[in-house]
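Since the structure comes first, as structure tokens, the remarks are kept for the end.
Nothing in this text is a laboratory measurement; each read-out follows from the coordinates by a stated rule. Just so we're clear, the structure is a prediction, and the values are computed from it rather than from any experiment. Cβ sites come from the backbone with ideal geometry, for glycine too, and all protein chains shown count toward neighbours.
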Amino acid sequence: MTSDNIIEMEHVFTRFGRNVVHEDITLSVARGEILGLVGGSGSGKTTLVREMIGLDQPSAGRVRLFGEPLDKIEAETLATLRNRCGVLFQGGALFSAFTVFENVAFPLQEYRAIEPTLIRDLVYMKLAQVGLGPEVAAYLPAELSGGMVKRAALARALALEPELLFLDEPTSGLDPVAAQTFVHHLQDLHKELQFTAVVITHDLDLMRDLCTSLAILADRRIVARGAPTEMALNPHPFVQAMFLGERGQRVFGAMAS
Amino acid sequence: MATAGHVEPAGYHTRRDERGRTVVVLTGQWTLRGIDGNADALASALREHARDNDKVVWDCREVRGLDNVGALVLWRLQGFAQGHAIEVRPEHAALCERWARREPPPEGGRSPGVRPLAVLSSLGQGLRSHALEFTTLIGCVVVDGGRLLRRPDQIPWKDISASIYEAGVRALGITALVGALVGIVMSYLSSLELRNFGAPSYIVNVLGLSIMRELGPLLAAILVAGRSGSAMAAELGVMRLTEELDALSAMGISRIVRLVLPNIVALAVALPLLVVWTDAIALFGGMVAAHITLGIDIPEFVHAIPSAVPVVDFVLGIVKGAVFGVVIALIACHFGLRIKPNTRSLGVETTNAVVTGISAVIFVDAVFAIGFRGIGLP
């Protein structure tokens, strides 16, 4: 391994037909970092994350996950790498035919190196960790509220004690209180489990409270990369609009002054 | 933290401290990957030491990572949880704290087992709800259909036309293939028998009557029930999953008018046409086969059809097609609207739609056969 970077993307290009989504993106994520990936809708944030886990292949460039190049990786190695990643999909992507308990237990059962007697305890602990009581365990995803779906999905993403966590808009669709609680949960978990995370978000509060650094995707490139508080100094119009706009001022203003 | 690639297995060793107590020093990664299936072995080895917990010190300062799996293995040892001398790294304190004060998870509810009476009663309830919902659906279709007839500007022509294309035009290929093959098979089989009787020209009567009255409509209907029945049910089901049905209702648009009626009208129109098409192709297949086996000329065969098959049989086949179409669409929509927002229900109800659709087609065909036994048969 060249460095302690969990993810390294070098000169990544993505094209869908004639539509160029990413142009020469170079980005690395260090161990323990919580990187906020920010950009307008349709700027290819989710695609970039899918390329990081090897769900999609970039048109050009190379991606390394845990130091392994994803373009010439064997299926078995990739599966092992993915066991070390947890993904929270935007809509939760809970298995709709399973109860919450079965959803969280599923990765643990599939991992096959955990005694079945432990799984029950672990599932209830995971649910407690994300703030869900044991009474929720028997519900089907369709019976849950939006916030509960997110939390159950986070519990499932955390099931295999991932070293790397991908969160796709974790607070979208949550009320401010629920979003704040969710961020607190993530902060506590990060302190405890020391995972690395890539968070796709539009939520300025989340960027300020949770992310240790931000990468801003605009005009098909990473236009800014650095700590959340440094962003206001960046001259790019998108960054200016985002962080010096009315809402940006409200969230980050207090920090700057 | 451990480096990415390398995993150090969980382990421990013991020593005596200056006060004569046993110190159990945990080493390695007490994590999911560090323990890797050895939880039971580690636990039983540690349990030996945990027995006399007054004299044991648990030293966790040398572990290179502790996660919930590791913590759970340790906390399942009675002595560990109650032993007062535990030394942990500061970053693991919160995790240990949480496991120390966790509440035991509730007992899982046991499934009550199979009780015959309960099975019967749920079966009865299922049938009752099906009957109720199906009747309601028919009622809604009649009422909304009647309203549309008075307000023809609201008829969803586009949906109907799209549905006809999907269920009718795109089924031309498969009905032609199956029709031709069945025609050939019928022709070959009956030609053997007819030659024995010395009446080869009766092949026209045998093929004409059986295909136009029975086989054509039935084949077309079964193929359409499989193709369109599943498609219609699944479409409605996915619309339930994605809340599109609710979106329609919220706009004040009737799902019966926009989703169910177009399917019914489309199949009522398309299936009779498919019946004619299947009849023609099946007769053509039979004709070619008859030419090969019995040497009957094709023009001769074509000329003989009108006198061999009464018009009423042909018409009856077409009417049957229309009725089958309505039945298939109603059943598909009935099961489609019953789909609950989860993937398993989607699969189950789509299968039900096809199986029930085909069974209903054959049942209705039997009713026709009995009801019209005096009509059209020579």
- request: Sticking with the crude label model, points 7 Å out along Cα→Cβ, report the distance from A:Gln180 to B:Val169 in nm, one decimal please.
  value: 5.8
Residues in segment A:22-47 reached by a label modelled at A:Asp56 [backbone nitrogen below 13 Å; 7 Å Cα→Cβ]: A:22-23, A:42-47
- request: Please give the direction-averaged projected area of the C-alpha convex hull for segment A:87-161, in square nanometres with one decimal.
  value: 4.5
message: I want to verify a result. In a Gaussian network model of chain A, Cα cutoff 10 Å, which of these has the top mean-square fluctuation: A:Ala75, A:Ala159, A:Ala60?
response: A:Ala75
- prompt: Helix A:116-129 sits at what angle to the longest principal axis of chain A, using alpha carbons and giving 0 to 90 degrees rounded to 10?
  reply: 50
query: Between B:Ile370 and B:Val315, what is the FRET efficiency for a Förster distance of 25 Å, r being their Cβ-Cβ separation, to the nearest 0.05?
result: 0.85
field: Max mean-square fluctuation residue, GNM over chain B, Cα-Cα springs under 10 Å, options B:Ile339, B:Ile298, B:Ile328
entry: B:Ile298
query: Any idea which of B:Ser129, B:Gly252, B:Gly173 is furthest toward the positive side of the dipole for chain B, if Lys and Arg beta-carbons carry +1 and Asp and Glu beta-carbons -1?
result: B:Ser129
field: All lysines inside 22 Å of A:Lys45 as judged from Cα atoms, apart from same-chain residues fewer than 8 positions distant
entry: A:Lys150
- line: Per the helix-only model, chain A has a calculated mean residue ellipticity at 222 nm (DSSP H runs of ≥4, -39500 (n - 2.57) each, divided over all residues, rounded to the nearest 500) of -11500 deg cm²/dmol
query: In peptide A:116-129, how many Cβ atoms from other protein chains are near each Cβ within 10 Å, on average?
result: 4
task: Under 19 Å Cα to Cα from B:Lys340, which aspartates and glutamates show up? Leave out anything in the same chain fewer than 8 places away.
output: A:Glu102, A:Glu143, B:Glu133, B:Glu235, B:Glu243, B:Glu244, B:Asp246, B:Glu349
query: Of chain B, which part is the longest with no trypsin sites (Lys or Arg not before Pro) in a loop (DSSP not H, G, I, E, B) and with at most 10 other C-beta atoms within 10 angstrom?
result: B:111-372
message: With the crude spin-label approximation of a point 7 Å out along Cα→Cβ, what separation in nm comes out for B:Arg21 versus B:Ser201?
response: 11.3
- prompt: In deg cm²/dmol and to the nearest 500, what is the mean residue ellipticity at 222 nm of chain B if only DSSP H runs of at least 4 residues count, each as -39500 (n - 2.57), divided by the residue total?
  reply: -21500 deg cm²/dmol
- line: In a Gaussian network model of chain B with springs linking alpha carbons closer than 10 Å, the residue among B:Ala290, B:Ala41, B:Ala171 that fluctuates most is B:Ala41
query: Rounded to two decimals, what ratio of Rg to Rh does chain B give with C-alpha atoms and a Kirkwood Rh?
result: 1.33
- request: Estimate the FRET efficiency between B:Arg89 and A:His236 by the formula 1/(1 + (r/R0)^6), using the beta-carbon distance for r and 35 Å for R0, to the nearest 0.05.
  value: 0.25
task: First check a/c for chain A, with a ≥ b ≥ c the square roots of the eigenvalues of its C-alpha gyration tensor; if it is under 1.5, answer rounded, and if not, answer prolate when a/b is larger than b/c or oblate otherwise.
output: oblate
- request: Report the calculated FRET efficiency for A:Glu246 and B:Thr136 (r = Cβ-Cβ distance, R0 = 41 Å), to the nearest 0.05.
  value: 0.20
- prompt: Considering amide H positions built from the backbone, and no H for Pro or chain starts, which residues 5 or more places from B:Trp30, or on another chain, come under 5 Å of its amide H?
  reply: B:Arg64, B:Gly65
- request: Going by C-beta contacts inside 10 Å, put A:Thr181, B:Thr278 in order with the fewest on the left.
  value: A:Thr181, B:Thr278
message: If the only charges are +1 at each Lys and Arg Cβ and -1 at each Asp and Glu Cβ, what is the size of the charge dipole of segment A:87-161 around the Cα centre, to the nearest 20 debye?
response: 180
